[in-house]
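A short worksheet on the structure shown next.
The values are calculated or read from the model by the stated rules, or taken from the named source; none is laboratory data. Just so it is clear, the model here is predicted, and its values are computed rather than measured. Reconstructed Cβ throughout: ideal geometry from the backbone, glycine too, with neighbour counts over all protein chains shown. The protein model used for the area step is the full one, side chains on, heavy atoms only, and it has no ligands, DNA or RNA in it. Shrake-Rupley method; radii C 1.70, N 1.55, O 1.52, S 1.80 Å.
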Amino acid sequence: MSESNYEEKLTQRIIASIISVTGDENVMLHEPEFDGMEWNYVKESIDTNYVSSIGKFVDKFERDLEEYTGSKHVIAVTNGTSALHISLLLAGVKQGDEVLIPALTFIATANAVKYCGAEPHFVYSEQDSLGIDPSKLKSYLQSITTLIAGECRNRITGRIIRAIVPMHTFGHPSKIQELLEVCSEFSLTMIEDAAESLGSLYSQKHTGTFGLFGTLSFNGNKIITTGGGGAILTDDSNLAKKAKHLTTTARIPHVWRYAHDQVGYNYRLPNLNAALGCAQLENIEKKVDRKRKLFEQYKKSFSSIPEICVYQERPDCRSNYWLQTIILDSSRVNIRDRVLNIANNQGLQLRPAWDLLNKLPPFKNSQSMQLEGAQNLSERIINIPSSPGILKYENY
Ligand SMILES: *Cc1c(COP(=O)(O)O)cnc(C)c1O
């Protein structure tokens, strides 16, 4: 068989393997699912006239998230990006600082750094965890930084590297313990971008609860949704109070007086959205469960294609399998676009990973590690249909 015939055939086998699991070629990448108390709670929010910045669902959603994640404090906000923005500010990220983030992440991670007047500094993601490679990061920091008065100074730019934002890619926990060790060696503050990993555990502990802050997103494509929404997680009571204050226009609590003691942000999650969130959160374990079963089915379906690895959670981790991920063998990187074109044209929604952020115009002057391997990884990733609803309740 000629090389191009072989690739044509491989492309068809990949698409057929997906359809054999989804049972349909018209399938979205990720759809929300409203099969619990959503209507009741949203109706209650409207019936009681509490749709906006006050109401019982915001408090309930925060307390429910505390219980579910094990974080001491949760502050509900308008989206995952605003959660990152406030977390970075309260972690002390200032104008002219640098913040380490993976180049392989959604642009929100980098935008939030910019909102603080700081510069993202892009680091390498590995295939093993899909997150930051701790040992490469460590030797990189050894080669370019000096600790001065407890601060990590980049010798090339002269700026302070203040913080690091690991991201749990597609729901899979990063090597967070090793990254914490790098943080303590180089005096960095960790903020976890756990936007994609609600329901994912590392050593039995919820992602987003290892750093000084963790952030969640409840956008429509995430594992649970509030329409739009996010949350800040922290165990520090003092920082939690500040986060609440900053996200509610820094208003000084008072029965009738409007007074504010700093420039705050209008980032509070409306009660209407929180109502939806409370209902969604009641079913999160069912969703995780079906996503994990969906992974098993894809794994079986792809087992006869050696050029494809269906990405599987690492030992000692429980992944929520938010987006199911196949990774093409290095020798087959050139068929990705063909697979994407054919599948999307027939209604099967497949997506590539993000373009590495260091390639984008707003970040072209930002610092970065050598990223060839991460670039190659990003070009071999395809996300395949992942809605929990692909597996109906009765099918498992
Ligand atoms: C979804 C997401 C966010 C935040 O998104 P919002 O749309 O602002 O809620 C941040 N980081 C990553 C990695 C994400 O996937």
Result of the Cβ filter at 9 Å on region 55-83, keeping first residues that are under 14 Å from Asn273 (Cβ atoms) and partners that are β-branched (Val, Ile, Thr) and modelled with pLDDT under 95, at least 6 apart or interchain, is Gly55/Thr48; Lys56/Thr48
Residues (under 19 Å from Gly347 (Cα atoms) and open to solvent by 20 Å² or more (accessible area, probe 1.4 Å)) located in region 9-20: Gln12, Arg13, Ala16, Ile19, Ser20
Confirm whether Thr69 is at pLDDT 95 or above, at negative phi and surrounded by fewer than 24 Cβ atoms within 10 Å (Cβ to Cβ). yes
Restricting attention to region 230-249, which residues are crowded, with 24+ Cβ neighbours inside 10 Å and of a type in the set (A, V, I, L, M)? Ala231, Ile232, Leu233, Ala243
Please pick out the residue among Arg314, Arg268, Arg290 that is within 28 Å of Ser82 (Cβ to Cβ) and charged (D, E, K, R). Arg268
When you look at Thr189, is it open to solvent by 10 Å² or more (accessible area, probe 1.4 Å), in contact (Cβ under 8 Å) with a residue 24 or more places away in the chain and of a type in the set (Val, Ile, Thr), yes or no? yes
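Please count how many residues of region 106-139 are of a type in the set (Ser, Thr, Tyr), open to solvent by 40 Å² or more (accessible area, probe 1.4 Å) and more than 14 Å from the ligand (Cβ to nearest atom).
Count: 2.
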Looking only at residues in region 140-181 that are β-branched (Val, Ile, Thr) and farther than 20 Å from Ser87 by Cα, which one is most open to solvent (accessible area, probe 1.4 Å)? Ile156
If a residue must be part of a helix (DSSP H, G or I) and either within 26 Å of the chain's Cα centre (by Cα) or among the hydroxyl-bearing types (Ser, Thr, Tyr) (or both), how many such residues does region 43-82 contain? 17
Of all residues in region 207-220 being open to solvent by less than 10 Å² (accessible area, probe 1.4 Å) and not aliphatic (A, V, I, L, M), which is nearest to Gln312 (Cα to Cα)? Thr207
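Table: residues versus (1) of a type in the set (A, V, I, L, M); (2) away from the ligand (no atom under 16 Å from the Cβ); (3) over 25 Å from Ser71 (Cβ atoms).
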{"site": "Ala149", "(1), (2), (3)": "yes, yes, yes"}
{"site": "Ile160", "(1), (2), (3)": "yes, yes, yes"}
{"site": "Asp193", "(1), (2), (3)": "no, no, no"}
{"site": "Ile224", "(1), (2), (3)": "yes, no, no"}
Over region 279-332, the set of residues assigned to a helix (DSSP H, G or I), under 17 Å from His206 (Cβ atoms), in contact with a strand residue (DSSP E or B) (Cβ under 9 Å, 6 or more places away or on another chain) and open to solvent by 20 Å² or more (accessible area, probe 1.4 Å) is Arg292
Give just the number: which of (1) away from the ligand (no atom under 16 Å from the Cβ); (2) assigned to a loop (DSSP other than H, G, I, E, B); (3) free of Cβ contacts under 8 Å to residues at least 60 places away in the same chain does Thr209 not satisfy? (3)
Please specify each residue of region 62-100 satisfying the condition of being more than 20 Å from Leu198 (Cβ to Cβ) and away from the ligand (no atom under 14 Å from the Cβ). Leu89, Leu90, Ala91, Gly92, Val93, Lys94, Gln95, Gly96, Asp97, Glu98, Leu100
